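Notes to accompany the following structure.
The values are calculated or read from the model by the stated rules, or taken from the named source; none is laboratory data. Values in this document were obtained by computation on a predicted structure and should not be read as measured data. All Cβ positions, even for glycine, are placed from backbone atoms using ideal geometry, and neighbour counts span all protein chains on display. All accessible areas refer to the heavy atoms of the entire protein, side chains included, with ligands and DNA or RNA removed. Shrake-Rupley method; radii C 1.70, N 1.55, O 1.52, S 1.80 Å.
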Amino acid sequence: MGEAMSGISGKETVQLRLVNVIIAAYQYALHKTLGSSSGAMTQLLITNLGDELVHMLEETGVSITAETDPADAISNALRELGIAKHVEVVKPETQSVGEEYIIKVYDSVFREIPKFLAKLGVKYTLSPEALLVAAIIRAYLRKKDPNARVNVTVDEYAPDKPLTIRVKILRALKT
């Protein structure tokens, strides 16, 4: 997947452009169908597909354990999958309810999707980057507490800024 779709190097392939158009089309259709509640779809996907995404990541060599540093796992996963090379992760201090991870992705291969959707007045909520990031954080938290839950939001797109993903902890970890 890495080289075939790699847009990080500056060359976008036909496959990558097609994937971007398909994701943007789904996002647009969800927005038109569900309106402002289309953001709930991202939460539904994380809840129902998060474990499968983590399983896929583990097959590519990105392991998530209770000892894993989520920031390293996120950076490694996005790099290994050819999605982004420049990622910053700010971890919450105590990982308690209400705290959040803030992830900034500077060079995503999916960066054209929010640009396109912004022109249409559609908020970018169904972000492949956000789904992966939230799945990783959720898996890490669930290693400590099987009932741990997270909520993911993607900040409004701004062309001169990185894609900012916020993953809020909804359920406290057992201590």
Number of the exception - Val89 against (1) in a strand (DSSP E or B); (2) open to solvent by less than 20 Å² (accessible area, probe 1.4 Å):
(2)
For the structure I just gave you, tell me whether Val150 is in contact (Cβ under 8 Å) with a residue 40 or more places away in the chain, out of contact with any Phe, Trp or Tyr (no Cβ under 8 Å at 6 or more places or on another chain) and surrounded by 23 or more Cβ atoms within 10 Å (Cβ to Cβ).
yes
Restricting attention to the stretch 92-142, and to residues there that are open to solvent by 20 Å² or more (accessible area, probe 1.4 Å) and of a type in the set (A, V, I, L, M, F, W, C), which single residue is farthest from the chain's Cα centre (by Cα)?
Leu120
Please tell me if Lys104 is in a loop (DSSP other than H, G, I, E, B) and not polar (S, T, N, Q).
no
Which of the residues that make up the stretch 112-144 are without any contact (Cβ under 8 Å) to a residue 60 or more places away in the chain and out of contact with any Pro (no Cβ under 7 Å at 6 or more places or on another chain)?
Pro114, Ala118, Lys119, Gly121, Glu129, Val133, Leu141, Arg142
